[in-house]
Amino acid sequence: MTSRERMLAAYRNQVPDRVPVSPEIWDATALAVSGRPFHELVGPFAETPWWQTHLAAFQYFGADAWIVPGIGASPRQAEMVTERSRFLDPEEIETEIEYRTPKGRLHAVARTTPVYAGWLIEHPVKDFVRDMPAYEAYYFDDPRASDLSGICEALAGVGEAGLVTPGVGELFTSFLGSAREGGMVATLYDLQDHPDYCRHLHRRYLEHIAEVTRHVLQNTATQAIFVNSGYSGPPIVSPRLYREWDRPVLAAVSQVCREFDVPLHLHQHGHVRVLLEDLVQAGVSIVCPLLPPPQGDVEDLGELKRAAAGRIALKGNVDPVEVLLQGTPEQVERAVADCIRDAAPGGGFVLGTADSTVVGTPLENIAAFVEAGHKYGSYSA
């Protein structure tokens, strides 16, 4: 099997030739592998599309690539936004963002460093009642006008080296929190203080993300769709609020995915065991990154696999801090062997890390992770 075929089989809860080995690699590790200055690869001055740097990192370790291109802005959205970027120092770029919409103007500031690109330090929506209508006017453009060229380029460039899963958006509470000054704390208050307006936004968001998904699947060769939880999920968002505001997003996207017979991949931060039945009911095909305590609630991967078997596939669980960052290659190998023993039987499992590899992670530990995955992950033995 190719890496693409292997990953897709696991996403579909099938048994591939071996367990796919796909550590979650983002900015810090990919930049470390590249050896190039960060500003050439991420942020406003990037000289190459991110998928190329991302793919090169997976290939460096001999892993099955997981590539997540985003949806490009529509021409109308691009006309509404002006960005001005400058170096604050050799390792930090500041980007000032102005939105000029029919409902008003907004202002935001982002920072890009060798660790993370585009982190907002000032959000566009300061006053929810005053500013959110302007952000709404910017965000909810015709999904059919969204630029898909980056997705098409990634699909063609990655080919059989891995699975490309275009990201169509975040869960609803994270959509609000990502734009809101005060983040999720302010958003939780907004949901209580302005329920009618939030329900209006919720209806628009469900329709929009479903149509974005349809646009991608109708006009590209995409074989799997990705949704990010962002800030949404326990313990930040209670299970009750998750079921009210966030689960419907997954149901709306999965309905479109079923029409096109493609799996839906959810990246669920925080606790996932407590949400398992909700994710199954919403139609999620595969969930990651299965964080162990204290960040998550997957204390027993084998128990989660037994509960999920035949209903939803799993990806992740190797601790990126205590094991990959702080451990030895021998400890990495033992953790990988334990994960494969607990979750690989019956298929529907991708060996991954419990969220992204972090800055300073020894490359030899990531290499040990991949080597151990290949050593213990064969289904033909």
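The values are calculated or read from the model by the stated rules, or taken from the named source; none is laboratory data. In this text, all values refer to a predicted model and were calculated from it rather than measured experimentally. Using ideal geometry, Cβ is built from the backbone for each residue, glycine included, and neighbour counts are taken over all protein chains shown. Remember, those area values only see protein heavy atoms, side chains included, never the ligands or the DNA or RNA. Shrake-Rupley method; radii C 1.70, N 1.55, O 1.52, S 1.80 Å.
Which value at 222 nm does the chain reach when only helices count, each DSSP H run of 4 or more adding -39,500 (n - 2.57), with the total divided by all residues and rounded to the nearest 500 deg cm²/dmol?
My calculation for the chain gives -13000 deg cm²/dmol from helical runs alone.
Excluding D278 itself, calculate the net charge of residues whose Cβ lies under 10 Å from the Cβ of D278, where each Lys or Arg counts +1 and each Asp or Glu counts -1.
Neighbourhood net charge equals 0.
On alpha carbon coordinates alone, what is the Rg over Rh value for the range 129-256, Rh being the Kirkwood radius?
1.00
Quick check: residue separation of E330 and W119 times 0.36 nm, minus the Cα distance between them. What number comes out in nm?
Taking 0.36 nm per residue and subtracting the Cα distance, the gain is 72.5 nm.
Given a 1.4 Å probe and every protein chain left where it sits, what share in percent of the accessible area of the range 1-118 is carbon and sulfur?
Within the range 1-118, the accessible surface is 50 percent carbon and sulfur.
Heavy atoms only, probe 1.4 angstrom, no DNA, RNA or ligands counted: give me S34, S3 ranked by accessible area, highest first.
Correct descending sequence by accessible area is S34, S3.
May I ask for the net charge around F128, where only other residues with Cβ less than 12 Å from the Cβ of F128 are counted and Lys, Arg are +1 while Asp, Glu are -1?
Result for the neighbourhood of F128: -3.
Calculate one ³J(HN,Hα) per residue across the range 123-138 by plugging θ = phi - 60° into the Karplus curve 6.51 cos²θ - 1.76 cosθ + 1.60, and present them in order as whole Hz with x for glycine and proline.
Karplus values, whole Hz, x for Gly and Pro: 9, x, 9, 8, 9, 4, 5, 7, 9, 5, x, 5, 5, 4, 5, 6.
Given the protein chains as shown and a 1.4 Å probe, how many square angstrom of K375 are accessible, to the nearest 10?
130 Å²
What span do the alpha-carbon atoms of the chain cover on each of the three principal axes, reported in whole Å from largest to smallest?
62, 46, 39
First select every other residue whose beta carbon is under 9 angstrom from the beta carbon of S22; then total the charges, Lys and Arg +1, Asp and Glu -1.
Charge balance near S22 sits at -1.
At 7 Å along Cα-to-Cβ for each site, give me the label-to-label distance between V129 and A251 in nm.
3.1 nm
To the nearest 0.05, what FRET efficiency results for A221 and R311 with a Förster distance of 22 Å applied to their C-beta separation?
Calculated value: 0.20.
R84 to R240: extension gain in nm, 0.36 nm per residue of separation minus the Cα-Cα distance?
52.1 nm
Rank Y99, Y205, Y60, Y376 by accessible area, highest first, at a 1.4 Å probe radius?
Result, largest first: Y60, Y376, Y99, Y205.
Grab the chain and count how many Lys pairs have their alpha-carbon atoms under 23 Å apart, sequence gap of 8 or more, or different chains.
Summing the qualifying lysine pairs gives 4.
Using a Förster radius of 35 Å, what is the FRET efficiency between E160 and V359 based on their Cβ-Cβ separation? Nearest 0.05, please.
That pair, E160 with V359, gives E of 0.70.
Taking R0 as 22 Å, what FRET efficiency do you get between S74 and R105 from their Cβ-Cβ distance, rounded to the nearest 0.05?
After rounding, the FRET efficiency stands at 0.70.
When only Cα pairs under 8 Å and 6 or more residues apart are kept, what is the percent relative contact order across the chain?
Normalised by residue count, the contact order of the chain is 21 percent.
Give the long-range amide H neighbours of A313: residues separated by 5 or more places, or on another chain, with amide H under 5 Å away, using H modelled in the peptide plane at 1.01 Å from N.
Distant-sequence amide H within range of A313: I286, V287.
Round to the nearest 10 and report in Å² the accessible area of D196, as given by a 1.4 Å probe over the protein chains' heavy atoms.
Surface accessible to solvent at D196 totals approximately 110 Å².
Sort the following peptides by mean Cβ neighbour count (other Cβ atoms within 10 Å, averaged over residues), highest first: 87-97, 324-334.
So the peptides 87-97, 324-334, ranked by packing, come out 324-334, 87-97.
Accessible area per residue for the chain in Å², computed with a 1.4 Å probe and the full protein assembly in place, what is it?
41 Å²
Tell me the carbon and sulfur percent of the accessible area for the range 248-293, rounded to whole percent, probe radius 1.4 Å.
52 percent
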